[in-house]
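Here the structure is laid out as structure tokens; the discussion comes afterwards.
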Amino acid sequence: MTSQIDRMGNTPSADQIRRAPKVLLHDHLDGGLRPGTVVDLARETVPHGHGGAGGAPAVQLPETDPDKLGVWFREAADSGSLERYLETFSHTVGVMQTRDALVRVAAECAEDLAADGVVYAEVRYAPEQHLNGGLSLEEVVEAVNEGFREGERLARANGRRIRVGALLTAMRHAARSLEIAELANRYRDLGVVGFDIAGAEAGYPPTRHLDAFEYLKRENNHFTIHAGEAFGLPSIWQALQWCGADRLGHGVRIIDDIQVHEDGTVKLGRLASYVRDKRIPLELCPSSNLQTGAAASYAEHPIGLLRRLHFRATVNTDNRLMSGTSMSREFEHLVEAFGYTLDDMQWFSVNAMKSAFIPFDERLAMINDVIKPGYAELKSEWLFQQTASTSGSTPEEG
Ligand SMILES: [Zn+2]
């Protein structure tokens, strides 16, 4: 019996993956809408009769059937065309221009994550992209916060538990990063837990936004930077050594500084060593990387090597709608590609919780009161099933 358990490892089923407590650090609010909600909200932006309906410009969708629209989002993101990829966000951002729309999208985000077994999430968005309907930056932040609180309440009413913190993103091609950093600081005890910078890496190095990062450091605040997704080591080096990022958004190209020799030995360059030694969290997003071509398949994704080398690796969704994914689905792919067990899932989840931007005591409480007991329960359930099936008292499930 023992040998069978050892051989099989505690490989989780799809149902156990969903029920396992998961922690998400890299998820875009405008990349995770329900297709049906995009359709509903787009309808509201189309002017009725004369005069039109409220501030935001009308959004014309390529499909109005929610299922077809969901497929359209995935295909456009898969197409390899940057134009089509960016078009997907013009539709989601386009319908997120009123207070009611932002509250709804944020509430549904929290609900969907909770239903997927996520117990803690940091969800990011760029307030400057939600001003076309006449909202101020503060009104955008307050609407999203209200939505997250509502989603947390609805999840609790359904017997689930989730906590969601917001990260405010500044766009790297724009010039509002200091203003957004100040906004993040103003709302730091009111639902915003940190700051991020996103957008095309090429041509827009993070050092353009040094004033924002220096401001946040002087305020003892936290930030992550999208770096090392497509652009490689210089981008990671700048994010860490010039800007002082606490975490790396993606950071997957750190693999370029790691040599794997034929005999299996591994040599880390200075930057990769620094990232591992300093326990810099990597917000890895496997499915998103496959779509942008940063990795060829799940099995070849650098997360396998980075986990083996004990980098502070975490698993994330990036854009759930565009990638047709969820935290559970990301783990399903990784379990299949690398044979990960419940122990591996726990390792990733504890890693992510340690790397969250909320205070240390609250992170520790999440790890000890929610994550570890959750996995302990799943593991004992797994062991019970194995024991029962080997002693023949219950039918094999295969
Ligand atoms: Zn991202």
Full-extension gain in nm, L86 to S297, via 0.36 nm per residue minus C-alpha separation = 73.7 nm
Nearest-0.05 FRET efficiency for E362 and R43, computed from C-beta distance (R0 41 Å) | 0.55
Over the chain, relative contact order from alpha-carbon pairs under 8 Å, at least 6 apart, % = 19
Using 7 Å Cα-to-Cβ label points, what is the A115/D15 separation (nm, one decimal)?
-> 1.9
What is the distance, in nm, between label points placed 7 Å from the Cα along the Cα-to-Cβ direction at D277 and at R218?
-> 3.0
If you roll a 1.4 Å probe over the chain with all protein chains in place, what percent of the accessible area is carbon or sulfur?
-> 50
Label-point separation in nm, L309 to E179, each point 7 Å along Cα→Cβ = 4.1
Per residue accessible area of the chain, 1.4 Å probe, in Å² = 43
Angle between the Cα long axis of helix 35-45 and the longest principal axis of the chain, 0 to 90 degrees, nearest 10?
-> 10
Taking only DSSP H segments of four or more residues, each worth -39500 (n - 2.57), what value at 222 nm results for the chain once the sum is divided by all its residues, to the nearest 500 deg cm²/dmol?
-> -14000 deg cm²/dmol
Using R₀ = 35 Å, calculate the FRET efficiency as 1/(1 + (r/R₀)^6) where r is the Cβ-Cβ separation of E336 and R161; round to 0.05.
-> 0.80
Lys pairs, the chain - Cα-Cα below 30 angstrom, 8 or more residues apart or on other chains | 14
Given the peptides 114-122, 240-248, 376-384, arrange them by the average over their residues of other C-beta atoms within 10 Å, most packed first.
-> 114-122, 240-248, 376-384
Cα-centred dipole magnitude for the chain, charges only on beta-carbon of K, R (+1) and D, E (-1), debye, nearest 20 | 840
For the chain, modelled as a GNM with alpha-carbon contacts under 10 angstrom, which of T64, T45, T387 fluctuates the most?
-> T387
The ³J(HN,Hα) series, computed from each phi in the stretch 152-169 with the Karplus coefficients 6.51, -1.76 and 1.60 at θ = phi - 60°, rounded to the nearest Hz and given as x for glycine or proline, is 4, 5, 5, 5, 4, 4, 9, x, 10, 10, 8, 10, 10, x, 9, 10, 8, 9
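The values are calculated or read from the model by the stated rules, or taken from the named source; none is laboratory data. Bear in mind the structure is a predicted one, so any value in this text is a computation, not a measurement. Please note: Cβ atoms are built from the backbone with ideal geometry, for glycine as well, and neighbour counts cover all protein chains shown. Heads up: the accessible areas ignore ligands, DNA and RNA and are worked out on the full protein's heavy atoms, side chains in. Shrake-Rupley method; radii C 1.70, N 1.55, O 1.52, S 1.80 Å.
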